[in-house]
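Peer 1: Please see the structure below; I have some questions.
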Amino acid sequence: MRGERRLLAYWIGFGVIVALLIVAPLVLPEFWRRFVTEILIWGLLAMSSDILIGYTGMVSFGHSAFFGLGMYGAAAALTTTSPPSLWLALVYGLVLAAAVAACVAYFSTRLRDIYFAITTLIFSQIFYVIIFTSTALTGGENGINFRRPLLAIPHLFSVRFTPAVLHWFVLGVVVLSYLLLRRITQSPFGMVLQSIRENEARTRAIGYAVERYKIVAVMLSGVFAGLAGVLYALQNQFAAPDFVFFVVSGEVVIYNVVGGIGTLVGPMVGAAFFLLLREAFSRVFTEFYLIPLGLIFIAIVIFMPRGLLGFARRWLNS
C-alpha cells in the first residue's frame, strides 16, 4: 500500500513538472525560455550517460563524441537536402551516433574501470581532431551553419519552429526518451546491467554474455546522446568541434554525480543545477565564476555522496 502511494505521488509530481514545462514558454522572457530548452537538452545528454555510469557502472568520457556527431549528422542532412528535412536530420544524427558508439563499444568494452574511461576519452579526442582538421567537410574550427527546418509531416501539417514550438518539441522528445529509458532500466535487460555494475564476475559466471550487454548499453547510451546533439543543433542552427571536445564529457559526468547516479532523473536535476549556478555566478564573479562553482561541487561530493536527488529522498523519508 505504501509502495502504491509512493508510485502515485511520483506520477503526480511528474505530471505537475511536465505541465509547468509546457506552460513555461508562454510566461517566461525570451532568454529564460531558451535557457529552459537548453537545460532539457543537456538533461537528456546527462540521462543518456547515466545508462553507463549509474546502471552499468562504466564511467564514459566519450559522450562528447556521440553528442557532437549527432550535431554534425543533423547539420549534414540540413545542408545537403532541399528543402531541409527535420526527420532526415534525426535519422542522420542518430545513425552517425549509433555507428560511432558501436565502434567505440567494440574496442572499449573489453576493458574495465579506469581503462574503459581512458579509452572512451581517447576515442572522443580522435573524433575531435578529425572534425577539427577536416575543414572541407566539417568547416573545421568555424563549424557549420544551417537553416532550421519546418516541423512537418507530409500531407498533414507544417509548422515553423518558433521558440515556443521548439521548446515543446524538445520537451516531447525528452519526456518520451525518459519514459523509454525508464522502461528499459526496469526491464530484465536493465536488471542485468545493474548486476554487471554490482558484480561483473558473478554475472558472467551465471551465464550472461557480459560483453554483449555492455556493447548494447554503450550503443543505447550513444544513440540518446546523439539525439541530444540533434536537438542542440536544431536550437542553435550550428555545429562546432567544441562540442566534441572531452570537456563536454567531463561536464556530463559532473551532472550525474551532482544530481545522483542511477536514477535517470538525478542527472537531469544535476544539469539544471549546474547550468543555473553557472549562469548566476558568471554574472556576479565574471571570469572567476568557476571558483565558487567548484567549491559547491566539492561540498556536494563530500556531504551528499548520493547527489541532490538522494539527499532529497533521505530528507523526505526522515
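The values are calculated or read from the model by the stated rules, or taken from the named source; none is laboratory data. This structure is a prediction, so every number in the text was calculated from the model and none was measured. As a convention, Cβ positions derive from the backbone with ideal geometry for all residues, glycine included, and neighbour counts pool all protein chains shown.
Peer 1: Return the total of residues in the stretch 18-50 being more than 19 Å from the chain's Cα centre (by Cα) and among the aliphatic types (A, V, I, L, M).
Peer 2: Adding up the residues that qualify gives 8.
Peer 1: Checking the structure you have, find out if any residue of the stretch 182-201 is in contact with a Phe, Trp or Tyr (Cβ under 6 Å, 6 or more places away or on another chain), farther than 30 Å from ALA19 by Cβ, at pLDDT below 95 and among the hydrophobic types (A, V, I, L, M, F, W, C).
Peer 2: Checked the stretch 182-201: at least one residue is in contact with a Phe, Trp or Tyr (Cβ under 6 Å, 6 or more places away or on another chain), farther than 30 Å from ALA19 by Cβ, at pLDDT below 95 and among the hydrophobic types (A, V, I, L, M, F, W, C).
Each row is one residue, and each column tells you yes or no for (1) without any contact (Cβ under 8 Å) to a residue 40 or more places away in the chain; (2) surrounded by 20 or more Cβ atoms within 10 Å (Cβ to Cβ); (3) β-branched (Val, Ile, Thr); (4) within 30 Å of VAL100 (Cα to Cα).
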| residue | (1), (2), (3), (4) |
| --- | --- |
| TYR232 | no, yes, no, yes |
| GLY250 | no, no, no, yes |
| ASN256 | no, yes, no, yes |
| GLY262 | no, yes, no, yes |
| ARG306 | no, no, no, no |
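Peer 1: Moving to a separate point now. Of (1) touching a Phe, Trp or Tyr at 6+ places or on another chain (Cβ under 6 Å); (2) closer than 30 Å to GLY57 by Cβ; (3) in a loop (DSSP other than H, G, I, E, B), THR120 satisfies all except one. Which?
Peer 2: In the conditions (1) touching a Phe, Trp or Tyr at 6+ places or on another chain (Cβ under 6 Å); (2) closer than 30 Å to GLY57 by Cβ; (3) in a loop (DSSP other than H, G, I, E, B), THR120 misses (3) alone.
Peer 1: For the stretch 277-296, name all the residues that are closer than 16 Å to VAL257 by Cα, within 24 Å of the chain's Cα centre (by Cα) and surrounded by fewer than 17 Cβ atoms within 10 Å (Cβ to Cβ).
Peer 2: If the condition is that a residue be closer than 16 Å to VAL257 by Cα, within 24 Å of the chain's Cα centre (by Cα) and surrounded by fewer than 17 Cβ atoms within 10 Å (Cβ to Cβ), then LEU277, GLY294, ILE296 are the ones that fit.
Peer 1: If a residue counts only when it is within 21 Å of PHE67 (Cβ to Cβ) and among the acidic types (Asp, Glu), which helices (runs of 4 or more DSSP H) contained entirely in the stretch 247-318 have at least 1 such residues?
Peer 2: Answer list for the stretch 247-318: 265-284.
Peer 1: Do we have LEU137 as part of a helix (DSSP H, G or I) and closer than 16 Å to LEU78 by Cα here?
Peer 2: Against the criterion (part of a helix (DSSP H, G or I) and closer than 16 Å to LEU78 by Cα), LEU137 qualifies.
Peer 1: Here's something else I'd like to know. Which condition from (1) surrounded by fewer than 20 Cβ atoms within 10 Å (Cβ to Cβ); (2) on the phi > 0 side of the Ramachandran plot; (3) in contact with a Leu (Cβ under 8 Å, 6 or more places away or on another chain) is the one that GLN237 breaks?
Peer 2: Of the numbered conditions (1) surrounded by fewer than 20 Cβ atoms within 10 Å (Cβ to Cβ); (2) on the phi > 0 side of the Ramachandran plot; (3) in contact with a Leu (Cβ under 8 Å, 6 or more places away or on another chain), the odd one out for GLN237 is (3).
Peer 1: Considering only residues that are polar (S, T, N, Q) and under 29 Å from GLY307 (Cα atoms), which ones fall in the stretch 37-84?
Peer 2: THR37, SER48, SER49, THR56, SER60, SER64 - these are the residues of the stretch 37-84 that are polar (S, T, N, Q) and under 29 Å from GLY307 (Cα atoms).
Peer 1: In the stretch 51-69, what residues are part of a helix (DSSP H, G or I) and either over 16 Å from ALA98 (Cα atoms) or more than 14 Å from the chain's Cα centre (by Cα) (or both)?
Peer 2: ILE53
Peer 1: Taking only pairs six or more apart or across chains, which ones have beta-carbon atoms under 9 Å, a first residue in the stretch 140-167 that is under 26 Å from LEU21 (Cα atoms), and a second residue that is part of a strand (DSSP E or B) and aromatic (Phe, Trp, Tyr)?
Peer 2: These pairs meet every condition: LEU151/PHE157.
Peer 1: Return the residues of the stretch 148-167 that are hydrophobic (A, V, I, L, M, F, W, C), surrounded by fewer than 17 Cβ atoms within 10 Å (Cβ to Cβ), in contact with a helix residue (DSSP H, G or I) (Cβ under 7 Å, 6 or more places away or on another chain) and part of a helix (DSSP H, G or I); say none if nothing qualifies.
Peer 2: Matches in the stretch 148-167: ALA164 only.
Peer 1: With respect to VAL104, determine if the residue is in contact with a Phe, Trp or Tyr (Cβ under 7 Å, 6 or more places away or on another chain) and under 30 Å from GLU211 (Cα atoms).
Peer 2: yes
Peer 1: So which of THR56, THR37, THR81 ends up being buried (at least 18 other Cβ atoms within 10 Å of the Cβ) and over 25 Å from SER187 (Cβ atoms)?
Peer 2: Exactly one of THR56, THR37, THR81 is buried (at least 18 other Cβ atoms within 10 Å of the Cβ) and over 25 Å from SER187 (Cβ atoms), namely THR37.
Peer 1: Checking ALA89 against (1) buried (at least 22 other Cβ atoms within 10 Å of the Cβ); (2) at pLDDT below 90: exactly one of these is not met. Which one?
Peer 2: With (1) buried (at least 22 other Cβ atoms within 10 Å of the Cβ); (2) at pLDDT below 90 applied to ALA89, the lone miss is (2).
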